[in-house]
1. Kindly check whether there is at least one residue in region C:111-129 that is in a loop (DSSP other than H, G, I, E, B), within 13 Å of another protein chain (Cβ to nearest Cβ), surrounded by 21 or more Cβ atoms within 10 Å (Cβ to Cβ) and charged (D, E, K, R).
2. Just a yes or no: is a residue in region B:163-182 surrounded by fewer than 18 Cβ atoms within 10 Å (Cβ to Cβ) and within 14 Å of chain A (Cβ to nearest Cβ)?
3. Give the number of residues within region A:38-79 that are touching a residue at least 12 places away in the same chain (Cβ under 8 Å) and under 23 Å from A:GLU13 (Cα atoms).
4. Which residue, of B:ASP133, B:ASP128, is touching a helix residue (DSSP H, G or I) at 6+ places or on another chain (Cβ under 7 Å), surrounded by 17 or more Cβ atoms within 10 Å (Cβ to Cβ) and not assigned by TED's automatic domain parsing to the domain that holds B:ALA292?
5. Going residue by residue through region C:19-39, is there one that turns out to be touching a Gly at 6+ places or on another chain (Cβ under 8 Å), buried (at least 22 other Cβ atoms within 10 Å of the Cβ) and part of a strand (DSSP E or B)?
6. Criterion first (away from chain C (no Cβ under 14 Å), over 23 Å from C:ILE160 (Cα atoms) and out of contact with any Ser or Thr (no Cβ under 9 Å at 6 or more places or on another chain)) does A:LEU38 satisfy it?
7. Give the residue that is farthest from the other protein chains (Cβ to nearest Cβ), with candidates limited to residues of region A:1-35 that are in a strand (DSSP E or B), out of contact with any helix residue (DSSP H, G or I) (no Cβ under 6 Å at 6 or more places or on another chain) and hydroxyl-bearing (Ser, Thr, Tyr).
8. For B:VAL225, state whether it is more than 12 Å from chain A (Cβ to nearest Cβ), assigned to a helix (DSSP H, G or I) and either under 28 Å from the mean Cα position of the chain (by Cα) or more than 18 Å from C:ALA102 (Cβ to Cβ) (or both).
Amino acid sequence: MITHYGYCDGSGEYYIIIDSDKCSGCGKCVQKCPQSALKLETEFIDLEDKTVAAVSEEHRKKIKYTCGSCNPESNNVPCVLTCEAKAISCVWNPR
Amino acid sequence: MSKPKGKEFWRWQEYHRIMPGKKWSSKDIITAGVDVGSVGSKAAIMVNGEAYSWGITRTGSNSPESANKALDYALEDTGLKVSDLKYIVGTGYGRVNVPMANKAITEIACHAKGANYIWGPTVRTVLDVGGQDIKAIRIDETGRVVSFLMNDKCAAGTGRGMEVFADLLQIPIEQIGEISLKVEKEPEPVSCTCVAFAKTEAMGLLRKGWSREKVLAAYTRAMAVRMANLINRVGLEKELVVTGGQSKNIGIVSRIEAILGVKTLPMPNWRDEGSLDPMVAGALGAASLAKALYEKAQKR
Amino acid sequence: MITVGMDLGTQRVQVVILKDGCIVARSWAFSGFDPTKAAEQAVDEAVKQSNLKLSDVNHFAATGSAIDMAPYAYSKVSMMSADAKAGVFLVPKARTIIDIGAEEARAVKCDEKGIMVDFVVNERCAAGAGAFIEAMARALEMKMEDMGPLALKAERASPINASCVIFGESDVVSLIHRQESKPEIARAVYDAMADRVSSMIHRLGINPEVVLVGGVAKDPGFIASLNRKLGLTVVIPEYPEYVGALGAALIAATRVKEGKK
């Protein structure tokens, strides 16, 4: 399942997108994030509990600022670059 | 301006229902789902995966109490006791607060399963517009979530945001849908999605001589555009369904349909005695997942 | 050399007259429905104040959200550049300028000459600007100037939903209904705003001195929360609301000198 963490408000849309089907739960993105915005979480998928990466609750509503310093417009951000499974990506469209 | 929290933007009543003609026996797999939301608590009972009964009550200040109250309401007059339930799944805003649940599952998974149950395997995209959040969910033919987005950061388009505009234009909230359609020509949407700034923009338009209907139409259009964007973000796939408080706002629904070029599936009329109620989609989904989990446990 | 800087905001117009590098007049007017007229009035007032004539002015420069409505032939100055220039003029060690207006919040990183190096803007979302504080004061049924001192009385902040003005208002209203302490609610409002500003400037790096300007710079509640959040003491220059107009006037003078009229 693809989860979009972030929001769309008057100033634009900002999402960190994690595909839990592809995510192996390796935790590399969690370690690489300079803001410690990512964590591993248990998700209920296909009647099983699976450990996958997620954006921490406290950052979900201010992701524009949390992720701003990594220049997400380029999509060359540490979390995206380090993921071997290509499970994480971002959408960054300021108005 | 000062209104107590918990005011519903589209009035709904507490009620419970037993589906006519449905029975249960001790040989059946009887499961329950309990969905404790920020405004309403719902519980549904399924017999062999078919909806049997449900109850909807107001959420109080105590979540476990609300969960108990909703479940008792769903069981009322059925002859069933909590101990007859083979498996209970809890969900909702604070899903960990359903004390009698065997398992807690996210409201997204439950809502998706419930939408699949209510509308059938053809529904693939669900837009749920609540009082304080908007969710866009894409599902497959079994009700499994494919892609999901939740927006509770910005009030634009939520019930609360619409209420602010209804107040500003002095139009009763139940009428903002039909009144927004009372324009000869659809105006351009307001340029601000931000409700607070849109209010200022609206006051400027009123001063310029725009009618309230026209201002409301411009604002509703901006909100519909926003919601269409959220749907496109998860990917639109027919059939589309709009649930939650704003599903009753025909101004929003008709504009979303026009923008996306699809017709939404009709809502079941919960007032019909034999009808399902989209408000209990989460609870029904939870009860359905409860059955699947029970069967899985039995296989071991 | 006499230059006039005009800052046309959505609520107010500010004007500063600079003569040979010194401020000789400041004036303002409500923008109302005709910001051009308001700016003309403010300029007239300032000219009178300084005992000059309009024809003495070498150059007009304008900035602000309603920049296109400025009167007199003028050159345009971005709000960011104005903030940087005026910030360093008033506080020579200033390297980070935070400007929180009613509808927009900005943070500017600059060098010792007042040239802007980097900036961050928060716009089109009321929660990121002074509008947030205004709306919360209304929800608390008090004047903005009273909310600051009230917040200073609190030792903790009530939890509120601060991501959106509309949700914040709902939260404040229900907290009041539950008889929660108003000082703690007020402090929560400022803490939320400070948290957002701090996150915003994180990307720029917090380079002291940090200068705070804009309408909110006169609010003791916000200043206390911001200092707490940033872990330092922000510098508030005199007449913080005139920073935009001052910056425009300074840049106008530079342009005349460099023949870049």
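The values are calculated or read from the model by the stated rules, or taken from the named source; none is laboratory data. What you are looking at is a predicted structure, and each value in this text was computed from that prediction instead of being measured. Positions of Cβ are generated from backbone atoms using ideal geometry, with glycine treated the same way; all protein chains shown enter the neighbour counts.
1. no
2. no
3. Going residue by residue through region A:38-79, those that are touching a residue at least 12 places away in the same chain (Cβ under 8 Å) are A:38-41, A:43, A:45, A:50-56, A:59-61, A:63-64, A:66-67, A:69-70, A:72-73, A:75, A:77-79.
If we keep only those that are under 23 Å from A:GLU13 (Cα atoms) as well, we get A:38-39, A:53-56, A:59-61, A:63-64, A:66-67, A:69-70, A:72-73, A:75, A:77-79.
Here the count works out to 21.
4. B:ASP128
5. no
6. So A:LEU38 fails the test.
7. That would be A:TYR15.
8. Numbers: more than 12 Å from chain A (Cβ to nearest Cβ): no; assigned to a helix (DSSP H, G or I): yes; either under 28 Å from the mean Cα position of the chain (by Cα) or more than 18 Å from C:ALA102 (Cβ to Cβ) (or both): yes.
For B:VAL225, the condition - more than 12 Å from chain A (Cβ to nearest Cβ), assigned to a helix (DSSP H, G or I) and either under 28 Å from the mean Cα position of the chain (by Cα) or more than 18 Å from C:ALA102 (Cβ to Cβ) (or both) - is not met.
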